[in-house]
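Undergrad: Before I ask anything, here is the structure I am working with.
The values are calculated or read from the model by the stated rules, or taken from the named source; none is laboratory data. Note that the structure is predicted; figures quoted are calculated from it, not measured. Every residue, glycine among them, receives a Cβ derived from its backbone with ideal geometry; neighbour counts consider all protein chains shown. The accessibility values were calculated without ligands, DNA or RNA, using every heavy atom of the protein model including side chains. Shrake-Rupley method; radii C 1.70, N 1.55, O 1.52, S 1.80 Å.
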Amino acid sequence: MRITTVSARLLSGVAALALLGAAAACGGGSSADAAENPYDLLQAGTLRVGTLTDAPPNVYLKDGKFTGFDNDLMTAVAGKLGLKVEFVGTDFSALLSQVNNHKFDAGSSSVTITEARKKTVDFGNGYDFGYFGLDVPAGSPIKSFAELKGKRVVVVQGTVQDDYATKEGLDPVRVPDYNGAINQLKAKTADAWIAPAEIGEKSAQDSGGKIILVEKQLSSAPTAFVVAKGNDALREALDKGLDQVIEDGTWTRLQDQYYPGRPIPDTFKPGSGTVAYPPVKAGSAGPAGTSAAPTAPTATPAG
């Protein structure tokens, strides 16, 4: 009986030591994982980014590759962090919740910073400005935002254009993507589309004369990449990388590539606002920030 008791005690001691060893090993593994994946990404070394497929020149698919100003900028920023980027297409109306629910590490889709959206996601520093545009079918008598009352106005669901149309009492027709809005204008099943002006302008250029951009206005709200609430490590890293691509001229090159001739408003400072960048070819737009057509009522750009 005594031998059995001693043996049991010895076995218990061995088991305890084994458990302690396992715990220590687990603790060491966690530290290693944290060092390997400091930004808490879905896959270490790869930034999984939710974006859109149909909104040139900002975010779109070309020859099977995700590109556009926002996505090329995100790729450059991630490169500064030593990360590869995996883009995944989604609908704008779902993007923010998908980022916060960790389906994506980040979102890239000309997302305008708003107080309401800050309740769902965290924003990095602003990387672009934009315009709020009004597209109509060719031959339409509509020339301004002031003429939209009682008209069939289409917007992409969940965008700031949707918010604007709703606040103005326009009872907008909501579609899930930009192609849906463009198709309604081409078919003349909608009287107007309130769009991010850069996207609206590109859509008009590509429509073969079926769509016209009639008015636009500069927004005071910048666009930024988004991350899940509380992921400060990733947000701060993206902000640091953004400043680096601003300083090395990448941001300027992409501005000239995707928005040729578009001046930079004096009031807009990309990134942290502390980094100088090579001037864009179009130069400065001056304090007013726009040389566009007559301005619309209070508005904001992008998605």
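Undergrad: Quick one: what pairs do we get from segment 273-284, first residue at positive phi, second open to solvent by less than 40 Å² (accessible area, probe 1.4 Å) and part of a loop (DSSP other than H, G, I, E, B), C-beta under 6 Å, 6+ apart or different chains?
TA: GLY283/PRO263
Undergrad: What about LEU170, is it free of Cβ contacts under 8 Å to residues at least 40 places away in the same chain and surrounded by 17 or more Cβ atoms within 10 Å (Cβ to Cβ)? I'd like the intermediate steps shown before the answer.
TA: On the way: free of Cβ contacts under 8 Å to residues at least 40 places away in the same chain: yes; surrounded by 17 or more Cβ atoms within 10 Å (Cβ to Cβ): yes.
So LEU170 fits the description; yes.
Undergrad: Next question. Is at least one residue of segment 77-85 of a type in the set (A, V, I, L, M, F, W, C) and closer than 18 Å to ALA181 by Cβ? Give the steps one after another, and end with the answer.
TA: Step one: of segment 77-85, the residues of a type in the set (A, V, I, L, M, F, W, C) are 77-78, 81, 83, 85.
Next cut, closer than 18 Å to ALA181 by Cβ only: none.
Looking for residues that are of a type in the set (A, V, I, L, M, F, W, C) and closer than 18 Å to ALA181 by Cβ, one finds none in segment 77-85, hence no.
Undergrad: Any idea which residue in segment 141-164 is nearest to GLY208 (Cα to Cα), counting only those that are in a loop (DSSP other than H, G, I, E, B) and charged (D, E, K, R)? Working first, answer last.
TA: From segment 141-164, those in a loop (DSSP other than H, G, I, E, B) are 141-144, 148-152, 157-159; that's our starting set.
With the extra rule that they be charged (D, E, K, R), the set shrinks to 143, 149, 151-152.
Numbers: LYS143: 19, LYS149: 28, LYS151: 24, ARG152: 22 Å.
Filtering segment 141-164 for residues that are in a loop (DSSP other than H, G, I, E, B) and charged (D, E, K, R), the one nearest to GLY208 (Cα to Cα) comes out as LYS143.
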